[in-house]
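Values in this text are rule-based calculations from the coordinates and carry no lab data. Note that this is a predicted model, so its numbers are computed, not measured. Ideal geometry is used to build each Cβ from the backbone, glycine not excepted, and the neighbour counts take in all protein chains shown.
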Amino acid sequence: MKNSNKSLMHVLGVSILLSISSSSFAELIMNTPAGNGQAALNWSSNEAEQLLNGDFLALADEVSPQGSTKITTSVRSANGVVAQSAPKSVQILNNSSYSTQPSVNARAALVMDSQTGEVLYSKNSNAALPIASITKLMTAVVIADARLNMSETITLQSIDFAGAGGKNSSSTLRAGDSMNRAEALLMALMKSENPAAAALARTYPGGRAAFISAMNSKAKSLGMNSAHYVESTGLDPHNVASARDLGILVSAAYQYGLIRQFSTTASHDFNLGYRVLKSNNTNALVRNGGWNINISKTGYINEAGRCVVMHTTLNNRPAVVVLLGADTSAARTNDATRLMGWVSQLPKRI
């Protein structure tokens, strides 16, 4: 696992000396204790702006006729000036020249060098499939792009538990629970809480319809040609994308320090005022450590099977791993471990 203290200093651009090396991002950025030793996500507007302004944001993206996805990044300085860097082109290059490729249980899979776009492993990677809670990664991108007040309080409503696609939200949350937007985003990414993701869409400027439109517009701008979103949680099987398109999404999401940190927080105790929810990351590979995972999101509904997307660094190679439709959680973890171990043995990047 990566050192979360070091990542935080990179995101905020400040030198912070902390004695607790296992602290989550949510704990590190807080200023106000919750009274029981539990750190609270209690940001002022200025603090939230500092976090987001210091982050890398994916801007106008293009897709060339050859399938090259161009990701243009920028950094906002303290005075609000946007300094735009040179475009970063990630061309997905279909390369199956590597021998002795491992077999996987998943219905579709992709391993891609996220810097060069070279496809290292591919199985059924162009088929549009249900993506379950992998949806929440796009939910997070849209929230980050909107630069909303992360300290604003969100109170969950019964509509947030209604589910989607005929499915109910299984959750430890309750209608009436209140949290700030940062906590809702952390719940959605780390714990995959469906009501939190639904509330993020509901409280978006223009409401749920505007949020879904923003999701699909972002997918189009990134060149995710097979992707389609109908809601923000992933409960609806009509949220679909190919493994190839999710590779593009993970590479784009990597530009956001907020998403990197929240999606790889191993555990966090959410203090809701009258009760505390002890929560763990849904990805066993994040919880257990041992791999340098920079972004993580799991997903499951019956139609999608067990899914996971990750950005990781393997043998000095930044790589995206996508698995869709594994039979069980154990099969999904075994597939990911097998693929990452295989990539680690490939020639080292210089």
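Quick check for me: using +1 on Lys/Arg Cβ and -1 on Asp/Glu Cβ, what's the dipole size of region 191-348 about its Cα centre, in debye to the nearest 20?
Here the size comes out at about 340 debye.
Within the P(r) computed for region 209-318, what percentage of the Cα pairs occupies the region above 23 Å?
Taking all Cα-Cα pairs of region 209-318, the fraction more than 23 Å apart is 37 percent.
How big, in percent, is the set of alpha carbon pairs in region 244-291 lying more than 14 Å apart?
On the way: 722 of 1128 pairs.
Percent of Cα pairs beyond 14 Å in region 244-291: 64.
Tell me, Kirkwood radius of region 92-344 from alpha-carbon pair distances, in Å?
When all Cα pairs of region 92-344 are included, the Kirkwood radius is 18.0 Å.
Using the count of nearby Cβ atoms within 10 Å as a rough guide to exposure, how do 250, 142 rank from fewest to most?
So the residues, fewest neighbours to most, are 142, 250.
Fewest Cβ neighbours within 10 Å first, please rank 228, 238, 311 accordingly.
Going from least to most buried by this count: 238, 228, 311.
Taking each pair of distinct Cα atoms in region 91-208 once, what is the resulting Kirkwood hydrodynamic radius in Å?
Taking every pair of different Cα atoms in region 91-208, averaging 1/r and inverting gives 16.6 Å.
What order do you get for 120, 185 when you list them from fewest to most C-beta neighbours inside 10 Å? Write out the running numbers ahead of the final one.
Values: 120 24, 185 28.
Ranking 120, 185 by Cβ neighbours within 10 Å, fewest first, gives 120, 185.
By what distance, in whole Å, do the Cα atoms of region 129-184 stretch along each of the three principal axes, largest value first?
Principal extents (Cα only, largest first): 31, 28, 15 Å.
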